[in-house]
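Readers should treat all values here as calculations from the given coordinates under stated rules, not as data from a laboratory. If you're wondering where the values come from, they're calculated on a predicted model, not measured in any experiment. Glycine gets a Cβ as well: all are built from the backbone with ideal geometry, and neighbour counts include every protein chain shown.
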Amino acid sequence: MSQPATTTAPEAADRRVSLVVAINQALREEMARDPAVYVLGEDVAVGGPFGATAGLAELYGEGRVRNTPISEGSIMGTAVGMAVLGLRPVVEIMFVDFITLAMDQLVNHAAKLHYLSGGQLRVPLVVRAQCGVMGGWGAHHSQSLEAWFVHVPGLKVVMPATPADARGLLKAAIRDDNPVVFVENRALYWGLGDVPPGEGLVPLGQAAVRQAGGDVTVLATGRLVGEALAAARDLTGEGIAAEVIDLRSLVPLDLDSVLASVRKTGRVVVAHEAVLPGGYGAELTAQVQRAAFDYLDAPIERVGAPFAPVPASPSLEAAFLPGRAEVAAAVRAALGRR
């Protein structure tokens, strides 16, 4: 079911590693830097389901790497209390689907306490949860629910697409004084990438241009960043130069970088793995349309999954999952080449 990480020491953080190992590095480094950082969740002391916390208990003890009961509400409630008392807990929720069991603690407490206390309380809490469609795990283990959290004032939401960003964003999230929902796509866990030496911090609220182009802007999140880049490569043979922007941070959103690209290209495709209705792409489309209406030469196109539960059948799962072909088709539509 799971694939454990090959752990590496913090000083080896300039190596080419997988995304899940980059997360492990970030946790090791932040726990070494700050004794207030704790890790808690189901089986985290033995590495968790995907190995992201492997070796942490051996380094820092089970006092700081806490296995918990199988009760997401209790895990989140405990973490909120720890954060209010001055610690910096990092919670692992095995599947983002299971945050449904902890929404009261996350939405009504973690997200609200700073406001309700008149700024007297801080909640420096990170909630790591993996999402995404892969391996036929079906409707209870494969959803992309980031739009839920974006809708809650008081929460920050990030989605790394590369190992370097996973490490850098997680380190920045741990140091932030606000609750951060850190959404990791399971399909990206074992892809390799270079991570920089040193701190490698990636500020929250800063998008990245992954490929420059002048014909259309593709705004992508998570796994769809790689799919958008693959589609952009395919489209070069058709004489289309797509600019691919990895949003990285959904809240706060780097709208300035988005609008700079849109003003250049005049055409936009928004791509995410979540189902289309009510997805983050709808909010992004609304913001871009309002802020850059005079620069748009065509309707904004959106790419996402169909409005249905995630199927477990391999053939149906493949048909359900949006990818490079859907992104390429949306780019052609934005350019009037349907």
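The spacing between the stretch 20-57 and the stretch 141-199, judged by their C-alpha centroids, is 15 Å. If you run the Gaussian network model on the chain, springs between alpha carbon atoms under 10 Å, then out of VAL84, VAL310, VAL275 the most flexible one is VAL84. Cross-link partners of LYS171 among aspartates and glutamates, defined as those whose alpha carbon lies under 17 angstrom from its own and excluding same-chain residues fewer than eight positions apart: GLU11, ASP14, GLU29, GLU30, ASP34, GLU92, GLU184, ASP194, GLU199.
The relative contact order of the chain, computed from alpha carbon pairs under 8 Å that lie at least 6 residues apart in sequence, is 16 percent.
Whole-Hz Karplus values for the stretch 240-255 come out as 10, 10, 8, 9, 9, 10, 8, 5, 6, 10, 8, 9, x, 9, 7, 5 Hz, taken residue by residue from phi with 6.51 cos²θ - 1.76 cosθ + 1.60 and θ = phi - 60°; glycine and proline positions read x. In a reduced charge model with +1 at each Lys and Arg Cβ and -1 at each Asp and Glu Cβ, the stretch 99-203 shows a dipole moment near 160 debye about its Cα centre.
Along the axis of the charge dipole computed for the chain (Cβ charges of +1 for Lys and Arg, -1 for Asp and Glu, origin at the Cα centre), the listed residues PRO153, LEU19, ALA329 are led at the positive end by ALA329. For the chain, a Gaussian network of Cα nodes joined below 10 Å ranks LEU219, LEU204, LEU121 by mean-square fluctuation, and the top entry is LEU121. Please compute the contact order of the stretch 218-338 in relative form: average sequence separation of alpha-carbon pairs under 8 Å and at least six residues apart, divided by the residue count, as a percent. It comes to 31 percent, rounded to a whole number. For the stretch 208-334, the dipole from Cβ point charges (+1 on Lys and Arg, -1 on Asp and Glu) about the Cα centre works out to 60 debye, to the nearest 20. Each Lys or Arg adds one and each Asp or Glu takes one away; over the other residues whose Cβ falls under 14 Å from the Cβ of VAL251, this sums to -2. Assuming charge only on the beta carbon of Lys and Arg (+1) and of Asp and Glu (-1), the dipole of the chain about its Cα centre is about 320 debye to the nearest 20.
Model label sites at LEU201 and LEU316, defined 7 Å from Cα along the beta-carbon direction, differ in position by 4.7 nm. 3J(HN,Hα) couplings calculated from phi for the stretch 321-336 with the Karplus curve 6.51 cos²θ - 1.76 cosθ + 1.60 (θ = phi - 60°) are, in sequence order, 7, x, x, 4, 5, 5, 5, 4, 5, 5, 5, 4, 5, 5, 8, x Hz; Gly and Pro show x. Of PRO153, PRO49, PRO196, the residue with the greatest mean-square motion in the GNM of the chain, using alpha carbon springs below 10 Å, is PRO153. Each residue of the stretch 66-82 was assigned a 3J(HN,Hα) from its phi angle through the Karplus curve 6.51 cos²θ - 1.76 cosθ + 1.60 (θ = phi - 60°); the sequence is 9, 5, 10, x, 7, 8, 4, x, 5, 4, 5, x, 4, 5, 4, x, 4 Hz, with glycine and proline shown as x.
Of interest is the spacing of the C-alpha centroids, which for the stretch 258-296 and the stretch 60-125 amounts to 32 Å.
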